[in-house]
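See structure below.
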Amino acid sequence: MRTIVVGGQYGDEGKGKILSYLARVDKPKIVARGGVGPNAGHIVVYKGEKFALRLVPCGFVNENARLLIGPGVLINPEVFLKEVAMVKGEGRTGIDRNAAVITKEHIERDRDANARKIGTTGSGCGPAMADRVSRVGLRVSDVPELQKYLCDVPIEVNSTENVLIEGSQGFMLSNYGDSYPYVTSKDITASSVAADVGLGPTKIDEVVMVIKAYTTRVGNGPFRDEISIEEAEKLGYQEYGTVTGRARRTSPHLHFKDLRRAAMVNGATQVAITKLDVVFKENVGARVFEELTREAREFVATVERMLGTEVTLIGTGPDAKDTIDMRIRE
Ligand code: GTP
Ligand code: IMP
Ligand code: MG
């Protein structure tokens, strides 16, 4: 089974939490990271400890899995090395030799007037991507400190049956998301994430699209039904960015028209809903669907109807364990 996990909104849907759950339960041999690069900040809460990861796969919680980063992903060597040490991933972590490198100069350039207008994460991803497209940037195989991590990710993921693939950001930050120029520097739909790790479209079995029970966006650009920080605090919805610490913008609603389009372009076969416990507070920590309140169950049914896709996973708390798994019902 090869499963891709992608974001259906503006990033920060809680992919990290869903990935860490799947990495434990589905026992993949490889967890491979696609997506843009260290602009992402995935949070994993595991055995009471909180990890913020920008490059190393969230699947580290499965100690038997190999942790790979695909050739399509931008690498900041310093961030990567710090995270390998943080998750004790030495010996099982690899980067494809063709991945492109983010330098200090890219990070400088990611503070210019255009980057400020867009409200980028300042992680150097846009400028590094531009250099990669212009074919003037470095590859990780040029970096001495990374030599011992170099590998061939496409060969590994194509020759292994059970692989979990991590996307980053979310559909609305793709060029397809109708938000240009307020988007990230690459498309981050399931097809693009598959290509990032070297998998062809016929090699993917499942696409899990993660959505949060309300909507958030960081950075500038159009955003419907936005409420103030004060209102978001009152509802318990206010969040702060993992990479930048910026206050995330909040809309208390799901934007169904966008979500339907996201499910279509991603070819989603399953939907995961996170933070159901934040919207329906009595449901904190629920582990089976039948435990949910009627309102919460109706919300899940509405998502399924509006997206035409089955909801298979539900998050009821930040810990990987706080997950309702409906895949095992039949
Ligand atoms: P990007 O790659 O940056 O898009 O990140 P992400 O999709 O991995 O999400 P991120 O970890 O940045 O933000 C999600 C936040 O919600 C984190 O703080 C998680 O710990 C938290 N979270 C995820 N799922 C749940 C859930 O079901 N309930 C609650 N209460 N918190 C959750
Ligand atoms: P960049 O990817 O840093 O160039 O930023 C471009 C846009 O994408 C900005 O609006 C960022 O806030 C947003 N963005 C990039 N990565 C993430 C992410 O992981 N979560 C949420 N927003 C992101
Ligand atoms: Mg994030």
| field | Unit charges at the beta carbon, dipole of the chain: most positive-side option, Leu74, Val140, Phe289 | value | Val140
| said: Quick check for the range 1-119: number of Lys pairs with alpha-carbon distance under 22 Å, counting only pairs 8 or more apart or on different chains? | reply: 23
| said: Please compute the per residue accessible area over the range 2-328 with all protein chains in place, 1.4 Å probe, rounded to a whole number of Å². | reply: 42 Å²
| Estimated distance in nm for a label pair at Lys47 and Lys281, the labels positioned 7 Å out from Cα along Cα-to-Cβ | 3.3 nm
| message | For the range 32-83, what are Rg and Dmax over the alpha carbons, in angstrom? | response | 10.8, 33
| query | So, with a 1.4 angstrom probe, what is the percent of accessible area on the chain that is carbon and sulfur? | reply | 52 percent
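Need the full-extension length gain, Thr302 to Asp225, defined as separation in residues times 0.36 nm minus the C-alpha distance. One decimal, nm.
On the way: separation 77, 0.36 × 77 = 27.72 nm, distance 1.92 nm.
The Thr302-Asp225 span can extend by a further 25.8 nm.
Given the convex hull over the Cα atoms of the chain, what projected area results after averaging over all orientations, in nm²? Intermediate results must be reported in sequence, preceding the final value.
Values: hull surface 62.5 nm².
If you wrap the Cα atoms of the chain in a convex hull and average its projections, you get 15.6 nm².
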| What value, in deg cm²/dmol to 500, does the helix sum -39500 (n - 2.57) over DSSP H runs of n ≥ 4 give at 222 nm once divided by the residues of the chain? | -7500 deg cm²/dmol
| said: Multiplying the sequence separation of Ser134 and Thr202 by 0.36 nm and subtracting their Cα-Cα distance, what value in nm do you get? | reply: 21.5 nm
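Could you tally the net charge around Val140, taking each other residue with its Cβ under 13 Å from the Cβ of Val140, Lys/Arg +1 and Asp/Glu -1? Walk me through the numbers before you get to the answer.
On the way: positive: Arg97, Arg132, Arg139, Lys148; negative: Glu78, Asp96, Asp142, Glu145, Asp152.
Around Val140, the surrounding residues sum to -1.
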| note | Largest fluctuation, Gly34, Gly11, Gly177 only, Gaussian network model of the chain with Cα springs under 10 angstrom, belongs to Gly177
| request: Could you please report the charge total around Met1, scoring K, R as +1 and D, E as -1 over all other residues with beta-carbon less than 9 angstrom from its beta-carbon? | output: -3
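Could you work out the per residue convex hull volume over the alpha carbons of the range 241-286, in cubic angstrom?
Residue-normalised Cα hull volume stands at 136 Å³.
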| note | With label points set 7 Å from each Cα along the Cα-to-Cβ direction at Thr293 and Met1, the distance between them in nm comes to 3.2 nm
| Considering only DSSP states other than H, G, I, E and B, which GluC sites (Glu not before Pro) in the range 1-101 qualify as loop sites with at most 13 other Cβ atoms within 10 Å? | Glu63, Glu90
| field | Label point distance in nm, Asp142-Lys117, each placed 7 Å from Cα along Cα→Cβ | value | 2.9 nm
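The values are calculated or read from the model by the stated rules, or taken from the named source; none is laboratory data. Fair warning: this is a prediction, and the values are worked out from it, not measured in the lab. Don't worry about glycine lacking a Cβ; one is built from the backbone with ideal geometry, like all the others, and counts go over all protein chains shown. The accessibility values were calculated without ligands, DNA or RNA, using every heavy atom of the protein model including side chains. Shrake-Rupley method; radii C 1.70, N 1.55, O 1.52, S 1.80 Å.
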